[in-house]
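Data block below; observations after.
The values are calculated or read from the model by the stated rules, or taken from the named source; none is laboratory data. In this text, all values refer to a predicted model and were calculated from it rather than measured experimentally. All Cβ positions, glycine included, derive from the backbone under ideal geometry; neighbour counts span all protein chains shown. In case anyone asks, the SASA skips ligands and DNA or RNA and just uses the protein heavy atoms, side chains included. Shrake-Rupley method; radii C 1.70, N 1.55, O 1.52, S 1.80 Å.
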Amino acid sequence: MPSAHTRYEKARTAERFDANFAPKKPRLTDHQAMQESARCLFCHDAPCIQACPTGIDIPLFIRQIQAGQPEAAAKTIYDSNWLGDACGQVCPTSELCEGACVHVHQDRPAVDIGRLQAYATAQVLDAASGETLYRPGPPIPLKVAVVGGGPAGIAAACSLRRAGATVEVFEAREDAGGLNRYGVAPYKYSNEDVERELDWLKAQFGFALHTSHPIVGREALEALEERFDRIVLAVGLGPTRRLAMPGEELQGAFGAVEWIAALRSRRHHWPVPDRVIVLGGGNTAIDAAAEAARCGAHTTLVYRRSREAMRAYGFEVEGARKDGVHVLFHHQPVAIMGSDTVTGVRFHRTSEEHGKLVEHPELALELPAQAVIRATGQHPAGDWAEWVPNLERDARGRIRASGEGQTGNPRYYAAGDAVNGGAEVVHAVAGAQRAAEALVRDWRARA
Ligand SMILES: Cc1cc2nc3c(=O)[nH]c(=O)nc-3n(C[C@H](O)[C@H](O)[C@H](O)COP(=O)(O)OP(=O)(O)OC[C@H]3O[C@@H](n4cnc5c(N)ncnc54)[C@H](O)[C@@H]3O)c2cc1C
Ligand code: SF4
């Protein structure tokens with residue numbers, strides 16, 4: 001039974017894990033899709049399209065669903081976004097297309113665009129033989145290596161194959177998918193979902209995918225430069241930043257991205273502690289807290305500033321609260337306590353004076369916990385500025401690239417989190433598609 005302080009029973013079995021992490025937005029039935037698509041006003045100026053970073057023709061695909069042509073709807077979606085299924089399920093739609101829907105401005109619920117999108121893409125992904133909607137373009141003598149098999153790398157590979165280039169993707173991990181597989185909350189997008197769309201895209205475009213194949217250091221890049229005309233860096237971000245706080249090395253102290261990645265692969269094979277503290281105020285902190293709560297741990301999220309200063313989306317904060325997460329503001333962690341293993345966290349109360357954070361050591365607080373998860377941002381992944389001549393990083397460690405992904409080295413393009421510093425899947429896809437198109441255009445101009 002759940003304890004008095006938790007909403008979820010501890011996820012000790014596969015069945016319990018699946019129940020606790022059941023999809024938040026289950027797939028629409030045919031009937032529901034018909035009803036929901038009928039709510040669309042097919043606006044002439046369609047503000048929802050403007051709000052989508054990949055510019056999907058939303059009223060057109062909704063009209064195709066309404067006309068009983070979900071495969072055509074899927075084609076409309078994939079024509080603009082190679083990860084149409086992932087984006088339908090993981091996009092913060094209320095901040096993007098649905099936030100712009102005209103219904104919202106008339107105080108009515110937005111059309112459920114994300115779920116309609118996932119409904120349409122499922123029709124082609126679930127087809128027995130996997131519906132064929134695309135083929136590679138007529139071959140051109142351009143060979144491209146893509147480093148990183150996350151959303152940006154896969155989207156770039158599809159666009160490049162569509163243009164007829166030969167493409168090989170190199171992924172460091174055992175499985176491709178990037179943060180869709182190792183980061184996004186499992187109640188939004190499952191490993192099976194990742195496989196399904198990836199397999200379908202590979203079947204459509206036939207790019208080579210080498211997993212467990214990290215590209216690290218100048219020598220490895222020289223080898224790629226010999227074999228390929230252009231290289232796309234889609235390497236995302238690195239491990240969680242440390243806070244330089246005593247106790248970070250204790251057993252039971254985790255970085256958020258590492259903890260979430262472990263949870264996604266180990267699922268219920270994890271001894272869920274009674275109490276978990278999550279430190280941070282961004283979307284990753286909220287995700288980690290909601291997931292710890294769904295594991296059945298009493299979870300407290302502690303942020304050093306106010307609710308207003310949090311970077312996390314409001315709907316995600318409310319979702320975590322509904323999952324049973326306790327939120328404590330204005331407390332700065334100063335030490336993780338324990339000798340070998342974590343026993344708690346010590347905080348100082350804070351206040352904000354003219355936007356500046358002021359610590360009050362005289363107002364200390366100690367909270368008990370057996371696990372502490374730091375959601376304190378991520379380091380850049382790899383020393384690309386050292387390994388690639390003329391490639392630069394900005395002050396935040398992001399790879400410097402033009403709006404079309406061109407880095408300081410004309411043979412290298414970059415896209416995704418590595419360039420934008422960490423945004424959403426749809427931004428990674430949009431940037432990668434732009435970079436791939438620019439790469440082919442520039443290559444043609446020089447050929
Ligand atoms: C915890 C968390 C939750 C999130 N939840 C959401 C969400 O709900 N919705 C949403 O839209 N976005 C979410 N995001 C953001 C989203 O996942 C990212 O913006 C997106 O995955 C970025 O794609 P990418 O391809 O640039 O990077 P990644 O997804 O990080 O992929 C990069 C890939 O490159 C590989 N790689 C790195 N270095 C090398 C190397 N040297 N050689 C070979 N391969 C390498 C990595 O293993 C990885 O597979 C979340 C992010 C996090 C951290
Ligand atoms: S804004 Fe809303 S109602 Fe208008 S086309 Fe887009 S989804 Fe349909």
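What the table shows:
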| item | result |
| --- | --- |
| Residues (away from ligand 1 (no atom under 12 Å from the Cβ), part of a loop (DSSP other than H, G, I, E, B) and either small (Gly, Ala, Ser) or touching a residue at least 60 places away in the same chain (Cβ under 8 Å) (or both)) located in segment 402-447 | SER402, GLY403, THR407, GLY408, ARG411, ALA447 |
| Selected residue [more than 23 Å from ARG264 (Cα to Cα), in contact with a Phe, Trp or Tyr (Cβ under 7 Å, 6 or more places away or on another chain) and in contact (Cβ under 8 Å) with a residue 12 or more places away in the chain] from VAL144, VAL90 | VAL144 |
| Candidates PHE17, PHE61, PHE42 - the one that is aromatic (Phe, Trp, Tyr), touching a residue at least 40 places away in the same chain (Cβ under 8 Å) and within 16 Å of ligand 2 (Cβ to nearest atom) | PHE61 |
| Restricting segment 399-447 to residues that are in contact with a strand residue (DSSP E or B) (Cβ under 9 Å, 6 or more places away or on another chain) and closer than 19 Å to ALA51 by Cα, the residue that is most open to solvent (accessible area, probe 1.4 Å) | GLY422 |
| Flag if ALA261 is more than 23 Å from PHE21 (Cβ to Cβ) and either out of contact with any Leu (no Cβ under 7 Å at 6 or more places or on another chain) or assigned by TED's automatic domain parsing to the domain that holds PRO368 (or both) | no |
| Answer residue from segment 358-374, given it is charged (D, E, K, R) and modelled with pLDDT of 95 or more and is nearest to TRP270 (Cα to Cα) among those | ARG374 |
| Failed condition for LEU237, given (1) of a type in the set (A, V, I, L, M, F, W, C); (2) in contact with a helix residue (DSSP H, G or I) (Cβ under 6 Å, 6 or more places away or on another chain); (3) surrounded by fewer than 20 Cβ atoms within 10 Å (Cβ to Cβ) | (3) |
| Scan of segment 246-265 for residues that are part of a strand (DSSP E or B), open to solvent by 30 Å² or more (accessible area, probe 1.4 Å) and not aromatic (Phe, Trp, Tyr), ordered by number | GLN251 |
| Per-region count, segment 64-74, residues more than 14 Å from ligand 2 (Cβ to nearest atom) and either open to solvent by 30 Å² or more (accessible area, probe 1.4 Å) or modelled with pLDDT of 95 or more (or both) | 6 |
| Failed item in (1) open to solvent by less than 10 Å² (accessible area, probe 1.4 Å); (2) at negative phi, with THR166 passing the rest | (1) |
| In segment 366-385, the residues that are away from ligand 1 (no atom under 13 Å from the Cβ) and outside any loop (DSSP other than H, G, I, E, B) | GLU366, LEU367, PRO368, ALA371, VAL372, ALA385 |
| Hey, THR343 within 27 Å of LEU237 (Cα to Cα), open to solvent by 30 Å² or more (accessible area, probe 1.4 Å) and polar (S, T, N, Q) or not | no |
| Of all residues in segment 40-55 being more than 16 Å from ligand 1 (Cβ to nearest atom) and not in a helix (DSSP H, G or I), the one that is nearest to VAL429 (Cα to Cα) | GLY55 |
| Single residue of GLU249, GLU225 found to be of a type in the set (Asp, Glu) and under 21 Å from LEU391 (Cβ atoms) | GLU225 |
| Of residues in segment 25-39 being part of a loop (DSSP other than H, G, I, E, B) and surrounded by 12 or more Cβ atoms within 10 Å (Cβ to Cβ), the one nearest to ligand 2 (Cβ to nearest atom) | ARG39 |
| Single condition GLY377 does not satisfy, out of (1) modelled with pLDDT of 95 or more; (2) surrounded by 15 or more Cβ atoms within 10 Å (Cβ to Cβ); (3) more than 29 Å from GLY84 (Cβ to Cβ); (4) in contact with a Lys or Arg (Cβ under 8 Å, 6 or more places away or on another chain) | (1) |
| Segment 75-130, residues that are of a type in the set (D, E, K, R), closer than 17 Å to ALA428 by Cα and surrounded by fewer than 24 Cβ atoms within 10 Å (Cβ to Cβ) | ASP79, GLU95 |
